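First the structure, in the form of structure tokens, and then the observations on it.
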Amino acid sequence: MNSFVKRWRAVLPPTVPVNPKVPAIDVLLAGPNRRVLRRTFLVDTGADVTLAPRRLCELLGFDWPAGEPMRLAGIASRPECAVEARLFDLEFLIPDLAIGITVPVCFADGDSSLLLGREGFFDCFRIEFDKSRLLTRFELLDEDASQHEPLLPPSTDN
Amino acid sequence: MITRQVKIRPWVPSPDQQMLLRETEATMQWLWDLPDALRNQYAGQWVAAQDCRIVASAPTMAELCDRLANPADPTIIMERFEKGVAVR
């Protein structure tokens, strides 16, 4: 098995004039202190890199100031809107395929959503978004890496 | 920026990791389909959930962690619910 399908996740309030569900994936994060945390990331093709807040970095046991410095810019081009960040390699454990992937993650100094960006993760998967059915299909490109049965039951909307 | 060598490896979960997956599965699914009323109530907030209930909420993850006795408890799942339509 080298692919899995995820239902989209409701993250927006019901009052917005758009569909409240977005592409997402739940993973386990394994930090240097061997602590494992389960989190949901929004799958964001517009994000250059995976993004998370500094506090998560610290919960996982990284020393935030020791990371590779980066400055993040959003859609606002004003310099004062840029955010300091630190880059670390973080292991994402994917229960649906029983694999681990090391992904570069930018931890922003402040708050941010958990966004799964293109760098790293998107190199490993062919990802298909189906908004008509609110599903995302992830196909692993390196089939040899996935040799185990999935650890979670497949999405009920497959 | 960096395109780093991506490392992929088979993962055999430890007994603790298997237990964590089992213990958090129901709460994870509950959060993914959180009822409209709760999504409205927590719009723009981070929430901490455990055993299919919200145990704390705050505007930022840092503030949420400050409100929890043990924010590193792996059976607690933290999620952010967006306030409105976002363009990133």
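Each reported figure results from applying straightforward, stated rules to the coordinates on display, with no laboratory input. In this text, all values refer to a predicted model and were calculated from it rather than measured experimentally. Neighbour counts are summed over all protein chains in view; Cβ atoms, including those assigned to glycine, are modelled from backbone coordinates with ideal geometry.
Over every Cα atom in chain B, the radius of gyration and the widest Cα-Cα span, Dmax, amount to 15.8, 44 Å. Exposure proxy for A:Phe62, A:Phe41: other Cβ atoms within 10 Å of each Cβ, ordered fewest to most, give A:Phe62, A:Phe41. Assuming charge only on the beta carbon of Lys and Arg (+1) and of Asp and Glu (-1), the dipole of the stretch B:16-80 about its Cα centre is about 160 debye to the nearest 20. Expressed as a whole percent, the proportion of Cα-Cα pairs in the stretch A:3-145 lying more than 21 Å apart is 45%. Specify the angular offset, from 0 to 90 degrees and rounded to the nearest 10, of the alpha carbon long axis of helix B:15-32 from the longest principal axis of the alpha carbons in chain B. The two axes meet at around 30 degrees. Across the protein assembly as shown, Cα-Cα pairs farther apart than 29 Å form 24% of the total.
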